[in-house]
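> There's a structure below that I have some questions on.
Every number here is computed from the coordinates shown, using simple stated rules; none is lab data. Predicted model, so just to flag it, every value in this text is computed and none were measured. Ideal geometry is used to build each Cβ from the backbone, glycine not excepted, and the neighbour counts take in all protein chains shown.
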Amino acid sequence: MICEQPPQRVDVLVIGAGMAGCATAQALALAGGDHRQICLVDRHRGVCPRFAGEFIHPRGAQVLEDLGFMAPLLAAGAVEVAGFAVLERVDGRYVELPYSLLPDARPRGLAVHHKTLVRTMRRVVASQPSVALCEGWSIAELLRDEAGRVCGASLRGKSEGRTVTRDVYADTVIGADGKSSATRRLAQLPEQRSQVGFTVGLSLTDAAVPGPMFGNVVLGAWGPMLIYPIEHLADGSLHYRMTLDLPPALPAKGRQLFDFIRTTFVPFLPNPLAAQTAEALDRAEASGQALPMAPTVNLSTPSAIAPGLLLVGDAAGCSHPITASGMTMGLRDAEVVGRLAAEVAAGTGPWLGERELCRYKVLHDRYVPTRQALAEAIYQVFRGGDAGARAIQDALFDYWGSSQRARERSLSLLSCAEGRPHVFISEYLRAARYAMRVCIQPRYARNLPVVDRLRTARGAAQLAGGKLGQVAQVVWANVRPQWTMQRAV
Amino acid sequence: MGSSAIPRVGVHLQEVRSQVESYAARWLTAAADEKPWLLQVPDIGVACEVLLADRLFCDLSADERSGLYRWIRANQDPSGAWLGLRGQPDLSLTAMGWWACVEFGDDPQSEHLVRARRVVHELGGAQRANFSVRIWLAMAGAIPWSWLPSMPAELWLLPASTPVSPHRIAPWARGLMTPFLLLAQGDARVHLSDPTPLLLCRTGGELVAPRVTSPGAAGDLLQIFDRTLKLINKVPRGPLSRRAKARARAWLRDSQQHHGGWFSARPTLLTLVAMRCMGMTFDAPEIRRGLDYLRRSRGYMRMHRGPHKGEVFLAQGLGSGPVSVQADLLASADAGARRDALDGLLVHEIREAGAWQLRTDAPAGGWPHEFGAQAYLDVEATCAVLGVLGIALRDGPQTSVRTREIWAAIRRGCQVILAMQEADGSFSRFERGESNVWMSRLPWRDAVLLSAGERFAAERIRVTAKVLLRLNQFGWRRDDDRIARGLQWLGMRTQRLGRFDTSTLALVTRCFAAHSGRSPHPQLPACEAALRARQHEDGSFGSLVDTAAGLRGLMALDGAPCIQAHRAGAFVARACKQHATDEPPDLGSRLHYGLGLSPICVEPARGVIDLVETLREIAGEPQMSMYIQRGEE
């Protein structure tokens, strides 16, 4: 139900009614039945105007289906996507990584306009009698009991035109307020944040992409360009989103940004997609509106819990959107929270006690490092900012072209369907082996000097070596005995 | 245009800008005319060789012969010497100038030729002249072939990856050495006027033999090696040598470019002579095409110094029109002229594999030094064309087909110039490794000819700065390792800024400024200070062309243009307001790097190009425009 004012006492208070918050609230509502009360608050009435994620892998799509969001989303125009398609350069190699290769997984992911997604999810979650959705309220303070445990939040909102503050008490507070989470900041949880750059979004209709129902990644410009369908329009056409990666030191602002994109990105797109993009830029410039833009941030996993508090979605760690795994991770968090909540829903004590929070952290810390390591590595390789990254990029295409099994294994990791350490390590080693071969055999030059080959090989080795720490972290996160993690918590 | 003649009044900037843009279009028309104007004017060396070779080809018309002769004569200094483009007496040019005049019919005892002969003798005699002069002397029978370095034909049988393979030397040198090999092996003879008065003799009439190697122990050893080779060359060597020569001949046949020449005028001329010596008749299609190429390389020029300053002459250029200058003119011209000429640029993009790809890991793309030279990439020309294409994208509505072609060409061009980066971070112009030729380290006297410039020469600095600037335009930043390495190299090579001319200094400053981003490049403050220190009292940086370059350097710095930039801008605008009365318009020229034995050229249209760019940048600064229009001081 939609409430103008949040209730004073609930079992769980969810801060942030974006994708992760709505999914978590829905998972809790389905797990808790009628005798548990959940309050879902968001600072924005309607939807957040910010440009955000829109691509969901089958693993996340399955969660949406389980939580009852899938049918309303499809009815609202969401598009079932078939996988990833990567174009090395306009005249380079093209590889399709279809989800249908993944065993025991949904053959389709989902892509949907972010505003449509949030609007639909809020509508669905508001229909749950145990959920109170309060829009226009933001967190001002975390409330703590004598032991310092979080026991609620002080919310600020507007009532009858006046700014008011209201304290809401809850057994557990869940922070789902994104990468710039105010909840995390108020809880003083440690974070390691670095800005990678900016992502600019463009809208295209019936984009002439190599894989129309795929998430298309085009390489060759300053940063990778991602193009995917996000909406079935009423006239039968498809609405696409194109995201462009800009450097952290923005080279142009305002109207100059249009010219910058025309010169530095458009020539590196295949035709006629480039022409469509140029037209879209002309339209956007003529309309006088700024291009939607969001910072891309690397936020290595802070502690996802504190006494009485847990974080889900981007608030619990995020990485570059190149692997489009952020939404899937948020949905997975919601799934885990729902499962843990279901186990103790029948009890009479506080819902989601310390034991459940610890278990959440244990599970969360197993799958998140894999995603973050992959996103960081793939972004570095697809951007091709140094000789090693370019060699590994070249090697990846060789590897993906070598067999269907290779594509399947890579996709299972990229789409968060696989997290087993031995698969991760074997993929890492295979990529390194192919990279060495690429360094030794250049593609065009018959007499490439040895010094150039060595520099490329050294770069690839440095890049691969630099990732050893992350590989070890991923492996340790997955093989680490559970008791050591609980003890650490 | 001197600064003293420029009145300090307000200037309507838009008016001046349109006027100078129209000059660029007029230069383009003049360069494409039936009687074309040269965009790069070299020294008289090639023209002299053309006059000498005409004894063999009988191809020049009377007008051409007399035209070239007039130009050669006009270049002679009152001292009798022919000067290099930097103003110094040049032994090789003087020797060739004397010979060409005699070949044309001048009396060797006439005063101007006697003075020239004296200069040659003072400088050590024609046997000490450059490689090209000595080849002609050998072909005329004035000196033995053994006075030239010997080159084993078997080198042509070596794989391209070996350090002494002909594929490892610069393309210009390859174009010269291969016909030289065939000429030397065949003891070629051409009947020419007697050049022996130019040779320095001992009292008994015996010629003073020159060393083919540098002085020193290593040179002595190499001299012995050279003699040994020459002895071996006299011994019949069987099929290996024959095969090697056949391969060199095949290379000559296969290397003729679509424009009919071999890389540039000098290699073309020597190849044509070699082909005649190989037995081809002068009506053979290869020879006819080569001669046509040489004809297209001739054009008009206006003398920019000396007693004949301002007079127009027929001159022999190094090629049939440099793409880099034509592209720069197109970038400077108005949108209409650019739109019409764009197809011509796109058509000439390199689409075939070439020797430059041996050590460059990139697919075919980019542009050659001149139209029709499909096998020779020129990074400088590619940068210039990419600049035009970038402007063309902003020109407004294009046909979709052309826009697609432009995008594709930009993509390929960027990929190619990125792949032309050397291991040390600098960028090569024609081929990777062109200035780091192993054979040029041997103490041969002519070893320097084997490489294209020195590794740390100003030419390489200019090419590297141009590439980095152009790549910046298309989105490459310091976060890419190739750009970072290029900037690092540039930073290291520009520690001693005093040795650079103003235009190079300004170019480097612009490059550092463009790649500065959040934090300025460490070398930028030093460049800025050096550039500011070069400004004169009147606001100029010397010549008008240097002032335009200096002003662009100042305007590239972070923040609003400073008062120094305002004053330089006012100087430039006032100078441009004075209408150029010549046709094509002359707003000043600049020296540019040539090829091989003509290492420096004059670019007469450079003033127009630089000034258009400068005026466009001024127009983008409203405060500066107002300052100029008010005529403030």
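> Using only Cα atoms, locate the centre of the range B:490-504 and the centre of the range A:371-395, then give the distance between them in Å, rounded to an integer.
36 Å
> Sticking with this structure for a sec: Starting at the first residue of the range B:563-574, write each ³J(HN,Hα) from the Karplus equation 6.51 cos²θ - 1.76 cosθ + 1.60 with θ = phi - 60°, in whole Hz, x for Gly and Pro.
Result, ordered by residue: 5, 5, 5, 4, 5, 5, x, 5, 4, 4, 5, 5 Hz.
> Based on the Cβ-Cβ distance of A:Ala342 and A:Ile425, what FRET efficiency does E = 1/(1 + (r/R0)^6) give at R0 = 30 Å, to the nearest 0.05?
0.35
> What does the structure give for B:470-478 when I average, per residue, the other chain Cβ atoms found within 10 Å of the residue Cβ?
Mean shielding count: 4.
> How big is the gap, in Å, between the Cα center of the range B:205-261 and the Cα center of the range B:561-578?
Each part reduced to its Cα centre gives a spacing of 56 Å.
> Turning to a different aspect of this structure: If you fit an axis through the alpha-carbon atoms of helix A:387-402 and take the longest principal axis of the Cα set of chain A, what angle between them do you get, 0 to 90°, nearest 10?
Relative to chain A, helix A:387-402 is tipped by roughly 90 degrees.
> With the dipole of the protein assembly as shown worked out from charges on the C-beta (+1 for Lys and Arg, -1 for Asp and Glu) around the Cα centre, which of B:Leu60, B:Gly596, B:Gly306 lies farthest toward the positive end?
In the protein assembly as shown, that residue is B:Gly596.
> Next up: Would you work out which of B:Leu51, B:Tyr69, B:Gly366 lies farthest towards the positive end of the dipole of chain B? Charges go on Cβ: Lys and Arg +1, Asp and Glu -1.
Value computed over the given set: B:Gly366.
> Further question: Roughly how many nanometres apart are two label points built 7 Å out from the Cα toward the Cβ at A:Leu250 and B:Val401?
4.0 nm
> Right, another one. Give the average, rounded to an integer, of partner chain Cβ atoms located within 10 angstrom of each Cβ in B:403-414.
Other-chain Cβ atoms within 10 Å of each residue's Cβ, averaged: 5.
> Can you spot the aspartates and glutamates whose alpha carbon is less than 16 Å from A:Lys115's alpha carbon? Ignore those fewer than 8 places along the same chain.
Output for A:Lys115: A:Asp42, A:Glu54, A:Glu135, A:Asp177, A:Glu231.
> Hey, what's the Cα Rg ratio for chain B versus the globular rule of thumb, 2.2 N^0.38 Å?
Dividing the Cα Rg of chain B by 2.2 N^0.38 Å gives 0.98.
> For the protein assembly as shown, with only Lys/Arg (+1) and Asp/Glu (-1) charged at the beta-carbon, what is the dipole magnitude about the Cα centre, in debye rounded to 20?
So the dipole magnitude of the protein assembly as shown works out to roughly 2340 debye.
> By how many degrees, between 0 and 90 and to the nearest 10, does the Cα long axis of helix A:273-287 differ from the longest principal axis of chain A?
Value to nearest ten degrees: 50.
> With a/c under 1.5 counting as rounded, go ahead and sort the range B:45-302 into rounded, prolate or oblate using the C-alpha gyration tensor (a ≥ b ≥ c being the square roots of the eigenvalues; past the cut-off, prolate if a/b is larger than b/c, else oblate).
oblate
> Take each of the peptides A:257-264, A:46-53, B:126-133, average the number of other beta-carbon atoms within 10 Å over its residues, and list them starting from the highest.
B:126-133, A:257-264, A:46-53
> Lysines near A:Lys361 by alpha-carbon distance under 22 Å, same-chain residues fewer than 8 away left out - which ones?
A:Lys179
> Could you check the simple spin-label distance between B:Cys201 and B:Glu286, using points 7 Å along Cα→Cβ, in nm with one decimal?
Computed distance between label sites B:Cys201 and B:Glu286 equals 3.9 nm.
> Taking other Cβ within 10 Å of each residue's Cβ, how do A:Lys158, A:Lys361 sort, fewest first?
In order of increasing Cβ crowding within 10 Å: A:Lys158, A:Lys361.
> Nearest 10 degrees is fine. How inclined is helix A:468-479 to the longest principal axis of chain A, computing both from alpha carbons?
40 degrees
> For labels at A:Ser127 and B:Arg243 in the simple 7 Å Cα→Cβ model, what's the distance in nm?
My value for the distance between the label points is 8.4 nm.
> Quote the charge dipole size of the range A:381-488 about the Cα centre in Debye, to the nearest 20; the model charges only the Cβ of Lys and Arg (+1) and of Asp and Glu (-1).
Charge dipole, the range A:381-488, about its Cα centre: 140 debye, nearest 20.
> Given a Förster distance of 56 Å, report the FRET efficiency between B:Gln578 and A:Tyr444 from their Cβ-Cβ distance, rounded to the nearest 0.05.
Approximately 0.65, to the nearest 0.05.
> Given the C-alpha centroids of the range B:421-435 and the range A:259-337, what is the distance between them in whole angstrom?
Distance between centres, Cα-based: 39 Å.
> Also, quick follow-up: B:Lys230: which aspartates and glutamates have alpha carbons under 20 Å from its alpha carbon, excluding same-chain residues fewer than 8 sequence positions away?
Cα-Cα hits under 20 Å: B:Glu154, B:Asp187, B:Asp220, B:Asp446.
> Have a look at B:Trp438, A:Val266, B:Leu393 and report the one farthest towards the positive end of the charge dipole of the protein assembly as shown, computed about the Cα centre with Cβ charges (Lys/Arg +1, Asp/Glu -1).
B:Trp438
> Something else now. If you place +1 on the Cβ of every Lys and Arg and -1 on the Cβ of every Asp and Glu, how big does the dipole about the Cα centre of the range A:76-163 come out, in debye to the nearest 20?
My answer is approximately 320 debye.
> For B:Ile563, A:Ile56, which order do you get if you count the other beta carbons within 10 Å of each Cβ and list the fewest first?
So the residues, fewest neighbours to most, are B:Ile563, A:Ile56.
> 222 nm [θ] for chain A, helices only, -39500 (n - 2.57) per DSSP H run of 4+, per residue, to 500?
-13500 deg cm²/dmol
> Next up: Determine the percent antiparallel among the DSSP beta bridges restricted to the protein assembly as shown, to the nearest 5.
75 percent
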